[in-house]
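Here's a structure for you.
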Amino acid sequence: MRTHSKNPQAGHRQRGVVSTLIAVVVLLVTLLAAVALLRSVDTSNTLAGSIAFKQAATQEAELAYKDMLSNQSSFSGSTGIGEANLGTPTWYFASLQTVDSRGVPTALANGTAGKSVTMPSGTTDKVSYVVERLCPQAGPPLTVAPNQCLVPGATVTGGSTTGNQGGFTAGALAGYRLTIRIVGPKGATTFVQTMLH
């Protein structure tokens with residue numbers, strides 16, 4: 001008859017290996033959960049920051065609009081009020097400029113053009129704008145580009161609309177487009193456009 005003696009150390013080793021494996025698995029699961037939570041919080045912060053920036057951008061666009069209104073008299077060129085492409089320093093154009101796929105003037109989108117708006121102290125955002133007359137070329141709308149200028153809200157009162165202005169109401173010879181570029185924290189950029197007449 002044979003007798004087997006049990007080795008108590010082997011049993012302890014096996015239980016130690018199993019315990020270590022369970023601890024490693026629990027640690028990995030906890031680590032993955034922590035990473036997922038961190039990403040979720042980061043995404044929430046990014047979205048909240050983006051929404052806050054969009055709201056602030058709308059308010060800063062109003063500053064650009066007011067700046068444009070206060071500088072309207074500087075849009076006069078040698079050919080008459082608003083009939084010449086002036087470029088710097090007013091960034092007024094009597095004709096439509098090249099735009100990107102979003103309809104934003106290319107030079108403003110690239111940050112190479114635009115009249116800078118003086119911002120209140122403590123504001124780090126940068127705001128600039130471009131004003132374009134909605135005509136295909138510079139010059140008096142009645143003679144240079146009859147019936148080719150876009151006129152928001154114009155009414156036709158009679159007469160022919162080919163070859164002349166066609167009876168558009170006085171003061172509605174052309175509309176204007178104001179495009180505003182706002183650059184906020186971390187280089188976040190947004191654009192605001194409005195039509196004026």
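The values are calculated or read from the model by the stated rules, or taken from the named source; none is laboratory data. Fair warning: this is a prediction, and the values are worked out from it, not measured in the lab. We place every Cβ from the backbone using ideal geometry, glycine too, and count neighbours over all the protein chains shown. Quick note on the areas: whole protein, heavy atoms, side chains included, nothing else; ligands and nucleic acids left out. Shrake-Rupley method; radii C 1.70, N 1.55, O 1.52, S 1.80 Å.
Can you work out which of the residues in segment 113-148 that are more than 14 Å from the chain's Cα centre (by Cα) and among the basic types (K, R) is modelled with the lowest pLDDT?
R133
Let me ask something additional. Taking segment 83-112 as the region of interest, how many residues are outside any loop (DSSP other than H, G, I, E, B) and at pLDDT 85 or above? Talk me through it step by step, then tell me what you get.
So in segment 83-112, the residues outside any loop (DSSP other than H, G, I, E, B) come out as 87, 92-93, 99, 105-110.
This time we only want the ones that are at pLDDT 85 or above, so: 92-93, 99, 105-110.
Within segment 83-112, residues that are outside any loop (DSSP other than H, G, I, E, B) and at pLDDT 85 or above number 9.
Going by the conditions given, is K126 open to solvent by 90 Å² or more (accessible area, probe 1.4 Å) and in contact (Cβ under 8 Å) with a residue 40 or more places away in the chain?
Values: open to solvent by 90 Å² or more (accessible area, probe 1.4 Å): yes; in contact (Cβ under 8 Å) with a residue 40 or more places away in the chain: yes.
Considered against the rule, which asks whether it is open to solvent by 90 Å² or more (accessible area, probe 1.4 Å) and in contact (Cβ under 8 Å) with a residue 40 or more places away in the chain, K126 comes out as yes.
Just wondering, is there one or more residues in segment 170-182 that are under 15 Å from A57 (Cα atoms), open to solvent by 40 Å² or more (accessible area, probe 1.4 Å) and either in a loop (DSSP other than H, G, I, E, B) or at pLDDT 50 or above (or both)?
The answer is yes; a qualifying residue exists.
While we're looking at this one, here's another question. Please enumerate the residues belonging to segment 64-82 that are outside any helix (DSSP H, G or I) and at pLDDT below 80.
Quick first cut of segment 64-82, residues outside any helix (DSSP H, G or I) only: 71, 76-82.
Result: S76, G77, S78, T79, G80, I81, G82.
Only one of (1) surrounded by fewer than 18 Cβ atoms within 10 Å (Cβ to Cβ); (2) within 19 Å of T190 (Cα to Cα); (3) touching a Gly at 6+ places or on another chain (Cβ under 9 Å) is not met by A113, so which one is it?
Of the numbered conditions (1) surrounded by fewer than 18 Cβ atoms within 10 Å (Cβ to Cβ); (2) within 19 Å of T190 (Cα to Cα); (3) touching a Gly at 6+ places or on another chain (Cβ under 9 Å), the odd one out for A113 is (1).
Among the numbered criteria (1) open to solvent by 100 Å² or more (accessible area, probe 1.4 Å); (2) aliphatic (A, V, I, L, M); (3) modelled with pLDDT of 75 or more, which single criterion is violated by A61?
If we test A61 against (1) open to solvent by 100 Å² or more (accessible area, probe 1.4 Å); (2) aliphatic (A, V, I, L, M); (3) modelled with pLDDT of 75 or more, just (1) comes out false.
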